[in-house]
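Trainee: Before I ask anything, let me first share the structure, which is written out below as structure tokens.
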Amino acid sequence: MASDDSITQMIFFIASIIVAVSIAGTIIGVTGLMAEEMRTKANNAVSEMGSSIVIINDPRHVPYEDGVITLYIKNIGEVTQSYGDLILFIDGQFVEFEVEKVSSGSDNWVTGGVIEITATIVLDAGDHTAKAILGNGVSDTLDFRL
Amino acid sequence: MGMSVSIATAIIFIASLISFATVIGTLDEAQSSILEAQRASSGREVDALHTSISIVSIDRANGTVMVVNSGEVTLTTYELDVFINGTLSNQLVSSLTIEGNNETKLWLPGEVLVISITGDLDGAAIKIVTANGTSIYD
């Protein structure tokens, strides 16, 4: 009888340890995921705060010839940007474009660097708006007249 | 029974401590990097607000534009962009010199920058953009 009791106690002991270890593992695992997520969010916020672009065209004379508009965008932030995920809207319409880096040097769009964007779009004479948006949501808008 | 409860509690307590330490460590790291980025971002904005340039004179016949740094921020002569009739024309700029000092690349407040441009500026619309995006038109 005493031996049965001790076996039961042993089983309970092992079970409680297993349960405790599982709970502990889950807590540590979930916390690790939370910490990783916080780190990602912080990195995103830092990249967003360090990013800044400006469309530097002369709004009085935006080059537009044969249905091709040329826009110049300068990186005035502190972060080297990639223009692969840049999005361009002209008058609220998504526009496909070609990018050429104007400033010499590395292939990256470094701070102070200017990229030249050429897009094919039909625009009438009059007022228009161009909006360029980086992958992290930082954007700039230029109102111009053709 | 009593011992198993104590050990289980101890295990969960230690796990909680480890979790807490992880969260605090990450929070601290995240907060300091965000603060640093905020500081840099505000610094950049303040610099941009305090940047001002004005055209002193334009000699269209000789292609010379004189621009004064009328702000409170030291600028540089590189990273300056010049638009002529809406086209980025940095390649037409033959020289960028600070009046009275040919060696320097620093454009201090109050100093006049002489931009020499190859080609005819007659009737041309000019726009000059500084490194932080501040611009002037003529």
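Trainee: To make sure I understand the rule: partners must be aspartates and glutamates, Cα under 18 Å from the Cα of residue B:105, and not fewer than 8 residues away in the same chain. Which ones qualify?
Mentor: B:72, B:79, B:81
Trainee: Can you list which of the GluC sites (Glu not before Pro) found in segment A:1-98 are DSSP loop residues with at most 14 other C-beta atoms within 10 Å?
Mentor: A:96
Trainee: Mind checking segment B:37-138 for chymotrypsin sites (Phe, Trp or Tyr not before Pro) that DSSP puts in a loop (not H, G, I, E or B) and that have at most 12 other Cβ atoms within 10 Å?
Mentor: Those satisfying the criteria are B:78.
Trainee: Hey, which lysines would be in cross-link range of residue A:131, C-alpha to C-alpha under 17 Å, not counting anything within fewer than 8 residues on its own chain?
Mentor: Candidates past the 8-residue exclusion: A:74.
Trainee: Once the cut-off is 30 Å, how many percent of the Cα-Cα pairs in the protein assembly as shown end up in the long-distance tail?
Mentor: Tail fraction, whole percent: 50.
Trainee: With all distinct Cα pairs included, what does the Kirkwood hydrodynamic radius of segment B:17-138 come out to in Å, to one decimal, could you say?
Mentor: 16.6 Å
Trainee: Something else now. When Cβ neighbours within 10 Å are restricted to other protein chains, what is their mean count per residue of peptide B:108-115?
Mentor: Averaged over the peptide's residues, the number is 0.
Trainee: Dividing the Cα radius of gyration by the Kirkwood radius, what Rg/Rh value follows for segment B:1-49?
Mentor: 1.52
Trainee: Just to be sure I understand: if I project the alpha-carbon convex hull of segment A:1-45 onto a plane and average over all orientations, what area do I get in nm²?
Mentor: 2.4 nm²
Trainee: Could you give the semi-axes, largest first, of the ellipsoid that matches segment A:53-145, computed as the square roots of 5 times the alpha carbon gyration tensor eigenvalues and rounded to whole Å?
Mentor: Semi-axis lengths for segment A:53-145 are 22, 13, 12 Å.
Trainee: Still on this structure: On a C-alpha basis, how far is the centre of segment B:74-128 from the centre of segment A:82-146 in Å? Whole number, if you could?
Mentor: 24 Å
Trainee: Find, among the trypsin sites (Lys or Arg not before Pro) in segment A:77-146, those assigned to loop by DSSP (not H, G, I, E, B) with at most 13 other beta-carbon atoms within 10 angstrom.
Mentor: Nothing satisfies the criteria.
Taken together, the values in this text are just the output of simple stated rules run on the coordinates, not laboratory data. Predicted model, so just to flag it, every value in this text is computed and none were measured. Note that each Cβ is placed from the backbone with ideal geometry, even for glycine, and that neighbours are counted across all protein chains shown.
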